[in-house]
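The values are calculated or read from the model by the stated rules, or taken from the named source; none is laboratory data. Everything quoted here is computed from the prediction, not taken from an experiment. Ideal geometry is used to build each Cβ from the backbone, glycine not excepted, and the neighbour counts take in all protein chains shown. The accessibility values were calculated without ligands, DNA or RNA, using every heavy atom of the protein model including side chains. Shrake-Rupley method; radii C 1.70, N 1.55, O 1.52, S 1.80 Å.
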Amino acid sequence: MMEKILLKNTEVPEQYQLETYMKSGGYQAIHKAFKMSPLELVEEVKKSGLRGRGGAGFPTGLKWSFLPKDTKSPIYLVCNADEGEPGTFKDRYLMEKDPHLFIEGIIISSFAIKAKQAFIYIRGEFVLSTTRLEKAIEEAIKAGYLGKNILGSGYDLEITVHRGAGAYVCGEETSLLESLEGKRGYPRLKPPFPALVGAFQSPTIINNVETISAVPWIVLNGGEAYAKIGTEKSKGTKLFSISGKVNRPGVYEVDLGFPLEKFIDEYAGGIKEGRKLKAVIPGGSSTPVLKASDIEGLNLDYEAVAKAGSMLGSGAIIVFDETDCMVKSISVLADFYAHESCGQCSPCREGTAWMARIIHRILDGKGKKSDVDMLLDICDNIMGKTVCPLGDAAAMPVESFVKRFRNEFEYHIREKRCNLS
Ligand SMILES: Cc1cc2nc3c(=O)[nH]c(=O)nc-3n(C[C@H](O)[C@H](O)[C@H](O)COP(=O)(O)O)c2cc1C
Ligand code: SF4
C-alpha cells in the first residue's frame, strides 16, 4: 500500500484551517526541526534524495548547500507558486486544500537555509489559493509559528505573498526574481545562479510548492525513510495532474516509478468512451509527446521517462486519444509559446512566432511540402540558443509532434484537410 505524503489530508473537510491541520499532526515537524541545526536539516534533505518538483528535478539538499557559508547579506527563500505550465495544476490543489502543510515546509526550509524572509510568488489568477494562504499565514502568526522568536527558538521568519500577473515566463526562476523586485519579467543570464546572486542581489533559494511541502514529512520520518520510496534515483512520491481524454482528470499522488498505463487506467479511470490511446505528454506542455507504443511498460520516474524520449517535468500528464488531430493539438501549444515568449532573444521571439504561423498554414490547407522540415529547422535554431529554457520548452513539443506524427503533417499538406475529419 502506497503512503500518501502530500495528499494525505487534502480531502479532510476544512483542512485549510489551522485547527484541522493541528488535529492531523500539523506543526509537529517544526518542533523536531528546531531541535536540529540548520546543517543537520540540509543533510537530512540531502539524504532523502528529494528532487525539485518544479520541472528540472534538481536535488533539493544539494541546491541548498550552494548558498555561501558566511555571507553578510540576508538569505531569501522564494517559493515558486506560479504554476503556468499548461496541464499542471498540482500546486494550486495543494495550496487550496492544505496551505498549512506548505507553510510548515516553508518555516523548516527557511530555518535550514538561515533565511528570515520567505516569499511566495503566486500566480495572480489563483485567487482561492492566495486567500487561503494569507489566512493560514495569519493563523500561523497568531499561534506563534511565524514572526519573531518562533516557539521560543530565537528564530524569526516573515512570509510575504506576492501575486504575479499571469506571465508564464515569470515561472522561470530568474524572471520570477525580476518580477518580484518590481521589474519587467525578463529572465537573467546565468551564472551567477540565484544561490549566490538572487533576489535583491542576495543569496536566494528558489523551490517549487510541492518540493517545499515534502519537507515536513522528511523531517518527521527521516531522510532515509523518504529515500526508501520510489526508485534508485527518483525518490519519494510525486503529484501528477492528469488531463485530456481520460474519465477522471485530477491530481493524484503515487510513488515515483509507478507504471504510467496503470496510472491512466486505475487513477484517471481510463480513456474516455473506451477509445484508443494515441499519445501522451508526460510532464507538462514543454515536454516531448510520446506515442502510445512508447509508453508501453513505461514507469513514471525521471530516468525512465527520459529514456523513453521525454521528460517527467512538472508531472502534468496530457492524454490524447485516436480522435485527436496532432496538428491541431500542437497549434494550440505553439500559439501559447509564441504569446508567452518575452521577446528578449531573437531565436525564441522570432522562432516561436514562425512555428505558430507555419503550423496554422498547414492546418488551413495552405502548407508547403517544405514546411515540415522548415519546422524542424526552426526548432534546431532555437534549442540551446536562448537566454532561458522557454525557448527549448517551445521547440521540444513542436519537434516531437513533427517527428512522431510526421505522417499527419504531410497528410494535411498533401490533401489540404485533416485525416480525421
Ligand atoms: C518557462 C518556465 C516556466 C517555469 N514555470 C515554473 C513554475 O510555474 N513553477 C515552478 O516551480 N517552476 C517553474 N519553472 C522552473 C523554475 O525555473 C525552477 O527550476 C524551479 O522553480 C525550482 O524549484 P525546484 O527545484 O523545487 O523544482 C519554470 C521554468 C521555465 C523555463
Ligand atoms: S528564451 Fe524566450 S522567454 Fe526566454 S529570454 Fe529568450 S525570448 Fe525571453
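Pick out, from 394, 334, 360, the residue whose Cα sits farthest towards the positive end of the charge dipole of segment 326-415, with +1 on the Cβ of Lys and Arg and -1 on the Cβ of Asp and Glu.
Going by the Cα projections, it comes out as 360.
What is the Cα centroid distance between segment 401-415 and segment 174-212, reported in whole angstrom?
40 Å
Provide the per-residue ³J(HN,Hα) series for segment 130-145, in order, calculated from phi with Karplus coefficients 6.51, -1.76, 1.60 and θ = phi - 60°, each as a whole number of Hz, with x at glycine and proline positions.
4, 4, 5, 5, 5, 5, 5, 5, 4, 4, 5, 5, 4, 7, x, 8
Taking N as the number of residues in segment 326-415, what is its Cα Rg relative to 2.2 N^0.38 Å?
In units of the 2.2 N^0.38 Å rule of thumb, it is 0.99.
If the chain between residue 406 and residue 262 were fully stretched, how many nm would it gain, using 0.36 nm times the residue separation less the Cα-Cα distance?
Separation in residues times 0.36 nm, less the Cα-Cα distance, equals 49.0 nm.
For the pair residue 12/residue 39, report the inter-label distance in nm, with labels modelled 7 Å from Cα in the Cβ direction.
3.6 nm
Segment 18-228: Rg/Rh from Cα coordinates, Kirkwood Rh?
0.93
Which whole number in µm²/s is D for segment 117-183 by Stokes-Einstein, with the Kirkwood Rh taken over Cα pairs at 20 °C and 1.002 mPa s?
164 µm²/s
With the contact rule set at Cα under 8 Å and sequence spacing of 6 or more, what percent relative contact order holds for the chain?
16 percent
Using the Kirkwood formula over every pair of different C-alpha atoms, what hydrodynamic radius in Å results for segment 237-321?
Here the Kirkwood hydrodynamic radius works out to 12.2 Å.
How far is it, in nm, from the label point at residue 416 to the one at residue 385 when both lie 7 Å from their Cα along the line to the Cβ?
Reported label-point gap for residue 416 and residue 385 is 3.3 nm.
Multiply the residue gap between residue 307 and residue 328 by 0.36 nm, knock off their C-alpha separation, and tell me the result in nm, one decimal place.
4.9 nm
Can you list the HN-Hα couplings for segment 185-202, worked out from phi with the Karplus curve (6.51, -1.76, 1.60; θ = phi - 60°), rounded to whole Hz and with x for Gly and Pro?
Values, residue by residue: x, 8, x, 9, 6, 10, x, x, 7, x, 4, 9, 10, x, 5, 6, 6, 10 Hz.
Using a 1.4 angstrom probe on the protein heavy atoms only, line up 293, 421, 24 by accessible area, largest first.
Output order, biggest surface exposure first: 421, 293, 24.
On a straight-distance basis, which lysines could pair with residue 403 in a cross-link, Cα separation under 16 angstrom, same-chain partners fewer than 8 positions away excluded?
278, 291, 328, 369
What figure, in Å² to the nearest 10, do you get for the accessible area of residue 92 with a 1.4 Å probe and non-protein molecules left out?
For residue 92, the solvent-accessible surface is approximately 90 Å².
Hey, can you grab everything whose amide H is under 5 Å from the amide H of residue 75? Only 5+ residues off in sequence or another chain; H modelled, so Pro and N-termini drop out.
Under 5 Å from the amide H of residue 75 lie the amide H atoms of 116, each far enough along the sequence or on another chain.
Quick one: grab the alpha carbon gyration tensor of segment 13-105, order the square roots of its eigenvalues as a ≥ b ≥ c, and give me rounded if a/c is under 1.5, else prolate or oblate depending on whether a/b is larger than b/c.
Because a/c hits 1.5 or more and a/b fails to exceed b/c, segment 13-105 counts as oblate.
Which value, in debye to the nearest 20, gives the size of the charge dipole of the chain about its Cα centre, when Lys and Arg are +1 and Asp and Glu are -1 at the Cβ?
Computed charge dipole of the chain: roughly 440 debye.
What percentage of all Cα-Cα pairs in segment 195-337 are separated by more than 22 Å?
Everything past 22 Å amounts to 45 percent.
Using only the C-alpha atoms of segment 282-380, find the volume of their convex hull and express it per residue in Å³.
Normalising the Cα hull of segment 282-380 by residue number yields 122 Å³.
Per-residue accessible area for residue 170 at 1.4 Å probe radius, Å² rounded to 10?
Roughly 10 Å² of residue 170 is accessible to a 1.4 Å probe.
Counting each DSSP H run of 4 or more residues in the chain as -39500 (n - 2.57), what helix-only mean residue ellipticity at 222 nm follows after dividing by all residues, to the nearest 500 deg cm²/dmol?
-11500 deg cm²/dmol
Say the cut-off is 23 Å between C-alpha atoms; which of 46/72; 72/114; 245/366 go over it?
Too far apart for the 23 Å limit: 46/72; 245/366.
Measuring from centroid to centroid over Cα atoms, what is the spacing of segment 239-260 and segment 299-358 in Å?
About 19 Å separates the Cα centre of segment 239-260 from the one of segment 299-358.
Using label points projected 7 Å from each Cα along Cα→Cβ, tell me how many nm separate residue 273 and residue 189, to one decimal.
Result for the modelled spin labels: 5.3 nm.
Would you report the distance distribution of C-alpha pairs in the chain as whole percents per 20 angstrom bin, up to the bin with the largest distance?
Here the calculated profile for the chain is 27, 56, 17, 1.
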